[in-house]
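Only one structure is covered here, and it is reproduced in the block below.
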Amino acid sequence: MKKIFSTLFIFFSVLTLFSQNQIDNLNNQKKEILRQITENSQQLDEINKSKKNTINQITLKNKSIQLQNSLLQNINKQINLLNFNLIKTTQEIDSLSTLIELRQSELVKIYRSYYKKLKKTNNILILLLSSDSFNQAFTRLKMYKSLINYFNLQLKLLRENKSELEQMRENYVLFLKELKVKEIEYQRNLNKLNISKLELELTKKQLEKKKSDLQIEINHQRKQLALIDNEIKRLIEENRKAIKSMNKESSRRYAELSIIFKENKGKFPPPASNSSILNPFGEYQHPILKNVKIKNNGIDLILSKNGNVTSIYKGEIKKIFNVPYGGKAIIIRHGEYLSVYSNMRNVNVKLGQNVNTGEILGDVIKQPDNTYILHFEIWNEKEPENPMNWITF
């Protein structure tokens, strides 16, 4: 019986822990989605104040729909998980109820046997006479009492476990009710956003009439990215030559910094607080112009308000240079890795300066549509890396 009880308890504990971890993860995801929705709305409000129809506006409106979809999917996953937990918990309660009834029945039989054999005077006499010694008779009597105490203890534990499960089931029911109310609310929000797609199409048509302006904007963007690439390539070549002339101590520090940087992949803070992804890493389709793709060696972060740009990790300022139509750019070396910060307005650091994690580098240029966009890249010598694999919001 003890083995059955232990197995049941361990199984349910593991199941509960696993389910709780899943719920916690989904809740954390939900908080992040809600944060992005709030920031996205604030950014759209600023663009609307500028009274300009821009690519950023279309990107943010599309992102609003995607985020609301993600939020609804998150709630649906939580509802499904809680329904699963509710079923499993009810099954466990039923199993415990059956086990409690069985143990109660067994305890009743032991009590009956105990009273029948030991409580009458002649039965006590028989017990003494049938035993080899008084100690043996005492041991038999003690065994009965120990057995009764053991069954009572197990029943107590089973009832306590059942009570905890019943409380958990009540909590699941209440939480499910709350989630279903949220599901209705989020679905309404999504429906409103889908209705606003008509406005989005109108904005697109208005922008399509300015194809020449869009093409100029794309060319500016390509020039900015090409200049950054060229500066990075120069740095890489300079570094290749510098490595050959390094002394042992410098070489050791360089290798150590590279290793530590790599070990912290996925743990670095974002280069700007209150920011979210506007344009992703890699190649993506232009929102307006058909058959036009944008290649991005980094990510574009949109800030909910202008704030400080900070270094994601300690390193040395290797380049500060002007970018056509894009303010200034900073390149920091972290051993064999480089981090790049572009669209900067003011720069608070100097060439050759060693900076620490979180040290302020400057702030971002305000765009004509009232947005603040930071272009950010990470390179592993000759190859650009997806910054989303390195930073965490």
Quiz item: So which residues in region 318-366 are assigned to a loop (DSSP other than H, G, I, E, B), in contact with a Ser or Thr (Cβ under 9 Å, 6 or more places away or on another chain) and at negative phi?
Solution: VAL323, GLY326, GLU336, VAL349, ASN356, THR357, GLU359
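Would you call GLN215 polar (S, T, N, Q), touching a residue at least 24 places away in the same chain (Cβ under 8 Å) and in a helix (DSSP H, G or I)?
Numbers: polar (S, T, N, Q): yes; touching a residue at least 24 places away in the same chain (Cβ under 8 Å): yes; in a helix (DSSP H, G or I): yes.
Answer is yes for this residue.
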Exercise. Only one of these is out of contact with any Gly (no Cβ under 6 Å at 6 or more places or on another chain), at pLDDT 85 or above and open to solvent by 60 Å² or more (accessible area, probe 1.4 Å): LYS109, LYS52, LYS116, LYS77. Name it.
Key: LYS77
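Checking the condition within 30 Å of ASN306 (Cβ to Cβ) and basic (Lys, Arg), which residue from LYS262, LYS267 passes? First the steps, then the outcome.
Values: LYS262 fails: within 30 Å of ASN306 (Cβ to Cβ).
The conditions single out LYS267.
Of all residues in region 217-248, how many are under 23 Å from GLU316 (Cα atoms) and out of contact with any Pro (no Cβ under 9 Å at 6 or more places or on another chain)?
Taking region 217-248 first, the residues under 23 Å from GLU316 (Cα atoms) are 224-248.
The next check asks that each one be out of contact with any Pro (no Cβ under 9 Å at 6 or more places or on another chain); those that pass are 225-226, 228, 230-231, 233-248.
Count: 21.
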Practice problem: Go through region 305-338 and give me each residue that's of a type in the set (Ser, Thr, Tyr) and either under 26 Å from GLN285 (Cβ atoms) or out of contact with any Asp or Glu (no Cβ under 7 Å at 6 or more places or on another chain) (or both). | Solution: TYR313, TYR325, TYR337
Practice problem: Identify all residues within region 256-276 that are outside any helix (DSSP H, G or I) and buried (at least 17 other Cβ atoms within 10 Å of the Cβ); write none if there are none. | Solution: PHE268, PRO270, PRO271, ALA272, ASN274, SER275, SER276
Practice problem: Scan region 313-329 for residues that are surrounded by fewer than 17 Cβ atoms within 10 Å (Cβ to Cβ), under 16 Å from ARG234 (Cβ atoms) and either in contact with a Leu (Cβ under 6 Å, 6 or more places away or on another chain) or of a type in the set (D, E, K, R) (or both) and jot them down. | Solution: GLU316
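With modelled with pLDDT of 95 or more, open to solvent by less than 60 Å² (accessible area, probe 1.4 Å) and more than 17 Å from LEU278 (Cβ to Cβ) as the only criterion, which of ILE332, ILE360 stands out?
Values: ILE360 fails: open to solvent by less than 60 Å² (accessible area, probe 1.4 Å).
None of the other options fit; the residue is ILE332.
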Exercise. Filter region 273-321 for residues that are charged (D, E, K, R), without any contact (Cβ under 8 Å) to a residue 12 or more places away in the chain and touching a strand residue (DSSP E or B) at 6+ places or on another chain (Cβ under 9 Å) and give the result.
Key: LYS293
Practice problem: May I ask you to verify whether ASN135 is modelled with pLDDT under 85 and more than 30 Å from LEU34 (Cα to Cα)? | Solution: yes
Quiz item: Residues in region 149-208 that are more than 26 Å from ASN69 (Cα to Cα), open to solvent by 90 Å² or more (accessible area, probe 1.4 Å) and touching a residue at least 40 places away in the same chain (Cβ under 8 Å): how many?
Solution: 1
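The values are calculated or read from the model by the stated rules, or taken from the named source; none is laboratory data. Values in this document were obtained by computation on a predicted structure and should not be read as measured data. Neighbour counts are summed over all protein chains in view; Cβ atoms, including those assigned to glycine, are modelled from backbone coordinates with ideal geometry. Calculation scope for accessible area: heavy atoms of the full protein, side chains included, ligands and nucleic acids excluded. Shrake-Rupley method; radii C 1.70, N 1.55, O 1.52, S 1.80 Å.
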